[in-house]
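One structure below.
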């Protein structure tokens, strides 16, 4: 892990509710460790849901907590689809490559890129270095949603 980060997918019966989400966000924001809170409504977007983000300081370290509220029947892609295939596909070498590339991206925030594209480049594209990743990325669509799995 390059930076402390939690990603949650919260499944709702019916459409996610802005009001219910803010009720939970308000309770979280009241915790003394919370340093920031944000919200985006993506219900009409290609990945329909509500996005909530918290900054949280724990034992001197700043954590980012990303929370997506989604319909129970959300068509995906979902991060939960990656857990088992990633466990099966990762090797010590590919883990090192992923962490090296993610650290290089963290050091250059202007080069934002979703982690799934790093995983895809390493596990399916054979990429091992940041320079290779930059070349791979230039030839790929890294803006659209992807249902890629290893």
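In this structure, residue 69 does not satisfy being more than 20 Å from residue 149 (Cα to Cα), over 13 Å from the mean Cα position of the chain (by Cα) and assigned to a helix (DSSP H, G or I). Is region 23-33 home to any residue that is in contact with a strand residue (DSSP E or B) (Cβ under 8 Å, 6 or more places away or on another chain), over 28 Å from residue 146 (Cβ atoms) and either modelled with pLDDT of 95 or more or in a loop (DSSP other than H, G, I, E, B) (or both)? Yes, region 23-33 contains a residue that is in contact with a strand residue (DSSP E or B) (Cβ under 8 Å, 6 or more places away or on another chain), over 28 Å from residue 146 (Cβ atoms) and either modelled with pLDDT of 95 or more or in a loop (DSSP other than H, G, I, E, B) (or both). Here residue 120 fits the description: in a helix (DSSP H, G or I), at negative phi and buried (at least 17 other Cβ atoms within 10 Å of the Cβ). Identify, from the list 92, 69, 97, the residue that is modelled with pLDDT of 95 or more and within 20 Å of residue 15 (Cα to Cα). Among 92, 69, 97, only 69 is modelled with pLDDT of 95 or more and within 20 Å of residue 15 (Cα to Cα).
The residue list 25, 50 contains one member that is touching a helix residue (DSSP H, G or I) at 6+ places or on another chain (Cβ under 6 Å) and surrounded by 14 or more Cβ atoms within 10 Å (Cβ to Cβ), which is 50.
Of the residues making up region 95-117, not one is in a loop (DSSP other than H, G, I, E, B) and closer than 15 Å to residue 85 by Cα.
The values are calculated or read from the model by the stated rules, or taken from the named source; none is laboratory data. Just so it is clear, the model here is predicted, and its values are computed rather than measured. Neighbour counts are summed over all protein chains in view; Cβ atoms, including those assigned to glycine, are modelled from backbone coordinates with ideal geometry.
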